[in-house]
Amino acid sequence: MFSSWLTQLNRGLATPIGRVAPLIWGSLSRSLMLSSQRRVPELSSFVARTNTCGELRSSHLGQEVTLCGWIQYRRQNIFLVLRDFQGLVQVLIPQDESAASVKKVLCEAPLESVVRVSGTVVSRPLGQENPKMPTGEIEIKVKAAELLNSCKKLPFEIKDFVKKTEALRLQYRYLDLRSFQMQYNLRLRSQMVMKMREYLCGCHGFVDVETPTLFKRTPGGAKEFVIPSREPGKFYSLPQSPQQFKQLLMVGGLDRYFQVARCYRDEGSRPDRQPEFTQIDIEMSFVDQTGIRSLIEGLLQYSWPSDKGPVGVPFPSMTFAEALASYGTDKPDTRFGMKIVDVSDMLRNTGAGFLRDALSQPQGSAKAIRVPEGVEVLPVFPKANRNWNSPVAKVVMEEQGLGLIRRMETQEEDMVLLTAGEHKSVCSSLGKLRLECADLLEARGVVLRDPALFSFLWVVDFPLFLPKEENPRELVSAHHPFTAPHPSDIHLLHTQPEKVRSQHYDLVLNGNEIGGGSIRIHDAQLQRYILETLLKEDVRLLSHLLQALDSGAPPHGGIALGLDRLICLVTGASSIRDVIAFPKSFRGHDLLSSAPDFVPPEDLKPYHIQVSWPTDSGAEKNSLNQPQHPES
């Protein structure tokens, strides 16, 4: 609080001569009290303007102002629209001979040139107000103008309604950032992060700690980027998260840690993923699942934008098994129904061969979903009026038709999707079909998912291990190898580890995972057993962590929120690339600077590495000095 008061004092002392300092002088206690209250940000301190373009209103009439911005639009050399980060304002171009130099500057400067204008705030003529513009009741009668920088022809117009390919936007990102949508997205992101800092550090005593970017290879998880060092054969890795560091901070007695953390994953070309991304990373000592979940609910409630509606807490929760059985996924979108219904008991003695065979297998089940008004989308499956037009459906209808209709609560024009097989694969298939059907229905005008609704959900009780895809007899961590087993299942670790549940929890928003965390293993012996015996990992890579856990590690747990995904959902952006200032393309390329790029062999020598070119290396080498084209 005292530092905030000093900041306010310094800002007042630094106010340019000729302007009234906003600081209210008074006693120290009065200043300290004011500093704790919410203040309107001073947007024109320290710079050569008196106001921003978007803040002027009728209350400013008669004031002499100086504005800086970009020329957005000009008409008939009579007026122009000036734009800055906060908005637009109309500027009158003087027509009299005495102001010929001012007119010359404002009429000859190309659009998107940067100018500074000074003048008087006046009312627009009666009937010429623009109610769609926040500044639409006033305009600036210019007395002086200066061209700060002229603009050459741009590859696209700086207007949100002008369509641009994403590749072009990324190639000229510094221009794309001028758009109101990008300005809104990045400023909202900044505001939410600032509120999160206030909540964590100011309200709950978290310590903001930066953790290293250069680290070592760790077992399990996503692929890591490898960074060469000057020591022969030795490499750094970029951390995919600060997981080990935040656990070590708990061992070090920091008690509660927080970081806006940069993370790196070499996941290749994956849609809507980024090789570098940002997490709100959190860890606490002496905490359980309930404590972590309450913390995050409070954090989101505190930092949520006021224009998006209130966040209701506590968030509902659902076990992993329930989510899979009802929605076919561990990140269900609960804004609409169409849940999966188990109909195995009704079809065990059916005459349909494939159903009977599937149900006779271990973990075999038959499940269905009802798609309201679905026959308008895909008129293949049965309707409530019994016009069943699928061969299997006819057999089912003859035997269990009425019972199935009652179980599914089917109405006229509804569609039923029925499948059978191994439980998890059946649920997963229907879960994907559920979302596809929702897309098709909404494309035809049926409203299922309210874009203004934010539906949070905790998913809990995940399995601790999963079978390896390439070798189902071996296990991999479902979350990461530092996740603690569920207390009720610890006895199964030595006999049936595949049945052990974990203390892992995910936060889901509108069908998207926006956070994940767990209570950690704080016992070195248990951690070693899981790594060495169950996961077959080389424990030497984690010897530092095992030693730390043996040094009086407190019970601890944490979570990481995916900031990019969260902001994407809050703003309604179509991709996380629209809420990141300088993102990579879907192929992981920086189209602005053409990274990644080639490095000359002589620059690689200090790192004792050389490139092994593929067989068609001639084409690669010849492209070293060729211009790189943006992705289409």
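The values are calculated or read from the model by the stated rules, or taken from the named source; none is laboratory data. Remember, predicted model here, so these are calculated numbers, not experimental data. Ideal geometry is used to build each Cβ from the backbone, glycine not excepted, and the neighbour counts take in all protein chains shown. When the accessible area is computed, the model is the full protein with side chains, heavy atoms only, and any ligands, DNA or RNA have been set aside. Shrake-Rupley method; radii C 1.70, N 1.55, O 1.52, S 1.80 Å.
Here are the numbers for this structure:
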| item | result |
| --- | --- |
| Cα gyration tensor shape of the stretch 165-282, rounded if a/c is under 1.5, else prolate or oblate by comparing a/b with b/c | oblate |
| Distance in nm between pseudo-label sites at LEU604 and HIS491 (7 Å out along the Cβ direction from Cα) | 5.8 |
| Cα gyration tensor, the stretch 505-600 - rounded (a/c under 1.5), prolate or oblate | oblate |
| Links that overshoot a 31 Å alpha carbon limit, given the list LYS246/LYS499; LYS163/LYS223; LYS132/LYS432 | LYS163/LYS223; LYS132/LYS432 |
| The stretch 569-584-the stretch 176-208 distance, computed between alpha-carbon centres (Å) | 14 |
| Length added when fully stretched, ARG270-LYS163, from 0.36 nm per residue minus Cα-Cα | 36.1 nm |
| Global form of the stretch 59-130, assessed from the alpha-carbon gyration tensor, a/c cut-off 1.5 | rounded |
| Cα pair count fraction exceeding 23 Å, expressed as % - the stretch 26-166 | 41 |
| Quarter of Cα convex hull surface for the stretch 418-464, i.e. mean projection, nm² | 5.0 |
| Mean separation of Cα contacts under 8 Å (6+ apart) over length of the stretch 512-600, as relative contact order % | 28 |
| Distance-filtered residues of the stretch 142-186 - backbone nitrogen under 20 Å, label point 7 angstrom along ASP307 Cα→Cβ | 159-162, 177-186 |
| Cleavage-rule hits (chymotrypsin sites (Phe, Trp or Tyr not before Pro)) in the stretch 272-367: DSSP loop, at most 15 neighbouring Cβ within 10 angstrom | PHE286 |
| Low-density loop cleavage sites - trypsin sites (Lys or Arg not before Pro) in the stretch 469-565, where at most 10 other Cβ are within 10 Å (DSSP) | ARG473 |
| The chain, helix-only ellipticity at 222 nm - DSSP H runs n ≥ 4, -39,500 (n - 2.57), divided by all residues, nearest 500 | -8000 deg cm²/dmol |
| Cα→Cβ-extended label distance, 7 Å offset, between SER360 and SER123, nm | 8.9 |
| Label point distance in nm, ARG187-HIS544, each placed 7 Å from Cα along Cα→Cβ | 4.2 |
| For the chain, convex hull volume per residue from C-alpha positions, Å³ | 246 |
| Theoretical FRET efficiency, 1/(1+(r/R0)^6), r = Cβ-Cβ of LYS152 and SER429, R0 56 Å, to 0.05 | 0.55 |
| Mean separation of Cα contacts under 8 Å (6+ apart) over length of the stretch 37-103, as relative contact order % | 24 |
| Computed E for ALA595/GLU42 - FRET, C-beta separation, R0 30 angstrom, nearest 0.05 | 0.20 |
| Distance between the stretch 233-288 and the stretch 485-535 - C-alpha centres, whole angstrom | 18 |
| In the stretch 178-242, the chymotrypsin sites (Phe, Trp or Tyr not before Pro) that fall in loop regions by DSSP, at most 16 other Cβ within 10 Å | PHE225 |
| Difference of contour (0.36 nm per residue) and Cα-Cα distance, GLU498 to GLU64 | 148.9 nm |
| Relative contact order (percent, whole number), the chain, Cα cutoff 8 Å, 6+ residue spacing | 12 |
| Solvent-accessible surface ranking, highest first, for VAL287, VAL500 at 1.4 angstrom | VAL287, VAL500 |
| Rounded to the nearest 10 Å², the accessible area of SER593 at probe 1.4 Å | 70 |
| Model label zone, THR213; criterion: amide N under 11 Å from point 7 Å along Cα-to-beta-carbon; scope the stretch 170-185 | none |
| Accessible area, probe 1.4 Å, largest first, for residues ASP345, ASP330, ASP450 | ASP345, ASP450, ASP330 |
| In Hz, Karplus ³J(HN,Hα) per residue of the stretch 247-256 (6.51, -1.76, 1.60; θ = phi - 60°; x = Gly, Pro) | 5, 5, 5, 5, 4, x, x, 5, 6, 8 |
